[in-house]
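Colleague: Encoded as structure tokens, here's the structure I'll be asking about.
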Amino acid sequence: MIDKFSEKALLLDFYGGLLTDKQRMFMSLHYEEDMSLSEISNEFGVSRQAVHDIIKRSEKILEGYEKELGLVNRFMIQREKLKKVKTILADKINDIDIKKAMDIIDELIDV
């Protein structure tokens, strides 16, 4: 399974377009650019508490979307299944069609 930080970043990837510009920006800076709450607050001239509140509220919104739609969970399940298929096919790598199939699987897993 993935860590909490990566999970939040994935939620942002899938549902970030449904947040306000400010929510999306603060979430992106924190989870994708690895900026601290203090760094974000200094950058935008707002209190650290305001940044914290916006990020926490945004997390709850994203988690609500995931609870209703389950896109991230479905993505993770499909990714794990593709890894299993790749493992099964690895023994037959000499077949050119199998090699092509494995290349496609790699592309799908690394998306």
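Colleague: How large is ³J(HN,Hα), in whole Hz, for each residue of region 54-64 in order, when computed from phi with the Karplus curve 6.51 cos²θ - 1.76 cosθ + 1.60 and θ = phi - 60°, using x for Gly and Pro?
Modeller: Listing the rounded values in order: 5, 5, 5, 5, 5, 4, 4, 4, 4, 5, x Hz.
Colleague: Suppose R0 equals 30 Å. What FRET efficiency, 1/(1 + (r/R0)^6) with r the Cβ-Cβ distance, do ASP13 and THR87 give to the nearest 0.05? List each step's numbers first, then the result.
Modeller: Working: r = 26 Å, r/R0 = 0.86.
Efficiency, from the Cβ-Cβ distance: 0.70.
Colleague: Using 22 Å as the Cα-Cα cut-off, could you pick out the over-long pairs in LYS4/LYS86; LYS56/LYS83; LYS22/LYS56; LYS60/LYS84; LYS22/LYS60; LYS60/LYS81? It would help to have the intermediate numbers written out before the result.
Modeller: On the way: LYS4/LYS86 27 Å; LYS56/LYS83 33 Å; LYS22/LYS56 13 Å; LYS60/LYS84 32 Å; LYS22/LYS60 15 Å; LYS60/LYS81 28 Å.
As for pairs spanning more than 22 Å Cα to Cα, those are LYS4/LYS86; LYS56/LYS83; LYS60/LYS84; LYS60/LYS81.
Colleague: Can I ask one more? Do the sum for the chain: with -39,500 (n - 2.57) for every DSSP H run of n ≥ 4, divided by all residues, what is the mean residue ellipticity at 222 nm, to the nearest 500 deg cm²/dmol?
Modeller: Details: 6 runs with 82 residues, N = 111.
Result for the chain, helices only: -23500 deg cm²/dmol.
Colleague: Another question, then. Please order MET35, MET27, MET76 by the number of other Cβ within 10 Å, starting at the fewest. Please list the in-between numbers first.
Modeller: Numbers: MET35 17, MET27 23, MET76 14.
Neighbour counts put them in this order, fewest first: MET76, MET35, MET27.
Colleague: Moving to a separate point now. Among PHE14, ASN73, SER36, flag the residue with its Cα farthest along the positive direction of the charge dipole of the chain, charges on Cβ as +1 for Lys/Arg and -1 for Asp/Glu.
Modeller: Farthest towards the positive pole: ASN73.
Colleague: For region 1-71, what is the charge dipole size about the Cα centre, in debye to the nearest 20, if Lys and Arg each add +1 at the Cβ and Asp and Glu each add -1 at the Cβ? Kindly include the intermediate steps, with their values, before the conclusion.
Modeller: Working: 9 positive and 14 negative charges, 62 e Å.
Dipole size: approximately 300 debye.
Colleague: For LYS100, go through the aspartates and glutamates and keep the ones whose alpha-carbon is under 18 Å away, minus same-chain ones fewer than eight residues off.
Modeller: ASP91, ASP110
No value in this document is a laboratory result; all are computed from the given coordinates. None of these values were measured; they are calculated from a predicted model. Note that each Cβ is placed from the backbone with ideal geometry, even for glycine, and that neighbours are counted across all protein chains shown.
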